[in-house]
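Colleague: First the structure, which I've put down as structure tokens, then a few questions once you've had a look.
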Amino acid sequence: MVEALVVQAETSELTRVYDWAETLGRRFDVPQSTLFAIQLCFEEALSNIARFGFADVENEVPRNTDVRLTVEPRGDQIVATIEDHGDAFDPLGVAAPAQPTVISDSDVPLGGRGIHLMRQFAQSLRYERREDINRLTLSFAYRGQAVAPPGRAVSTSHLRDGAQRRTKRWRAS
Amino acid sequence: MELTIETLDDGVTKINLAGRLDIVGAQKIDLQFSVVSGSQRKVIVDLGQVSFLASMGIRTIIMGAKAINLNGGRMVLLGPTPDVEKVLTTTGIDTLLSIVHDLDAAIGVVSN
């Protein structure tokens, strides 16, 4: 059964997202570490969409700011999707952030870790652009399996309809 | 998200955080956290009661750690849960800041 929630592209909606995820977590008996990973990915994705998804100033017409989230138990996985109508953006096209090793290094970034966290906490992450919709599909461990260790490959991403990758989106975070 | 401040011996300050350090929680504590970080040199951040950590929470911690470092001090992270610690190690924060699970060890780190 696919459970869905539609929220607006605003960070103030995150509380509603967490409550929804908690409820589904109990209903589907999702392991705590998996629920943590799902909520983490929802937070990073929604905050990114809210802050950067509608930055294209050339597009002045009123835009659809609905963000549709789904969660579905599928065998030994929980599959989640996040769909938005913001500017085309493939998170898999963003390089991993620099990781200086001393706090005194002025290059230690304040932000920009969200995509990296999503890649590491989801077992797989796939991006599609269809018409004006960005669709992220993520999978997570279910039925007591441990969350996949860091370092495994993520699935191949695809950009459709000639969508342009936008890396600027994450630089300001 | 709740933040309380404890003053220990020898100028050590302990910031106790409780709740979700997500984007909403981070906004709630940012000001208090930065005030302490800007004025203290030996700071222990107790994460034992933090149930969730996302990138905006990391931002709050890093901003504070940078301020403390600029003043010649040190910050140490104490007692994160396994999920929260995984966020910290995944993002390499454990190479920037010490993570310990014992208060005496935390005091030792900031006092060196």
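Colleague: Any idea how far apart B:ASP9 and B:THR95 come out in nm if each label point goes 7 Å out from Cα toward Cβ?
Modeller: Label at B:ASP9, label at B:THR95, 3.7 nm between them.
Colleague: Which whole-number percent is the relative contact order of the range A:34-142 (Cα, under 8 Å, 6+ apart)?
Modeller: Across the range A:34-142, relative contact order equals 34 percent.
Colleague: Over the protein assembly as shown, consider all pairs of different Cα atoms and compute the Kirkwood hydrodynamic radius from their mean reciprocal separation; express it in Å, one decimal.
Modeller: So the Kirkwood estimate lands at 19.7 Å.
Colleague: Turning to a different aspect of this structure: Sort B:HIS101, A:HIS85 so that the residue with the fewest other Cβ atoms within 10 Å of its own Cβ comes first and the one with the most comes last.
Modeller: Lowest count first: B:HIS101, A:HIS85.
Colleague: Counting alpha carbon pairs within less than 8 Å and at least 6 residues apart, what relative contact order, in whole percent, applies to the range A:1-84?
Modeller: Rounded, it is 43 percent for the range A:1-84.
Colleague: Grab the eigenvalues of the alpha-carbon gyration tensor for the range B:36-88, scale each by 5, take roots, and send me the semi-axes largest first in whole angstrom.
Modeller: The three semi-axes for the range B:36-88 are 21, 11, 8 Å.
Colleague: Let me ask something else. Residues with beta-carbon under 10 Å from that of B:VAL43, excluding B:VAL43: net charge, scoring Lys, Arg +1 and Asp, Glu -1?
Modeller: So the environment of B:VAL43 carries a net charge of +4.
Colleague: Bin width 5 Å, alpha-carbon pairs only: give the P(r) of the range B:1-57 as whole percents, running from 0 to the bin holding the largest distance.
Modeller: Values per bin, smallest distances first: 5, 20, 31, 25, 13, 5, 1.
Colleague: Hey, could you grab the Kirkwood Rh for chain B? Inverse mean 1/r over distinct alpha carbon pairs, Å, one decimal.
Modeller: For chain B, inverting the mean 1/r across all distinct Cα pairs yields 13.5 Å.
Colleague: Please give the charge dipole size of the range B:1-72, origin at the Cα centre, charges +1 on K and R Cβ atoms and -1 on D and E Cβ atoms. Round to the nearest 20 debye.
Modeller: Once rounded to the nearest 20, the dipole reads 240 debye.
Colleague: Another question, then. Mean 1/r over all different Cα pairs, inverted: what Kirkwood radius does the range A:106-147 give, in Å?
Modeller: 12.6
Colleague: What share of the DSSP beta bridges in the range B:2-111 is antiparallel, in percent to the nearest 5?
Modeller: Taking every DSSP beta bridge within the range B:2-111, about 25 percent pair in antiparallel fashion.
Colleague: Tell me, rounded to the nearest percent, the portion of alpha carbon pairs in the range A:79-137 spaced more than 12 Å apart.
Modeller: 71
Colleague: Mark the label point 7 Å from the Cα of A:VAL102 along Cα→Cβ and return the residues of the range B:54-72 whose backbone N is within less than 13 Å of it.
Modeller: Hits in the range B:54-72 for A:VAL102 at 13 Å: B:70.
Rule-based calculations on the coordinates, nothing more; no lab input. Quick caveat: nothing in here was measured; it's all calculated off a predicted structure. Please note: Cβ atoms are built from the backbone with ideal geometry, for glycine as well, and neighbour counts cover all protein chains shown.
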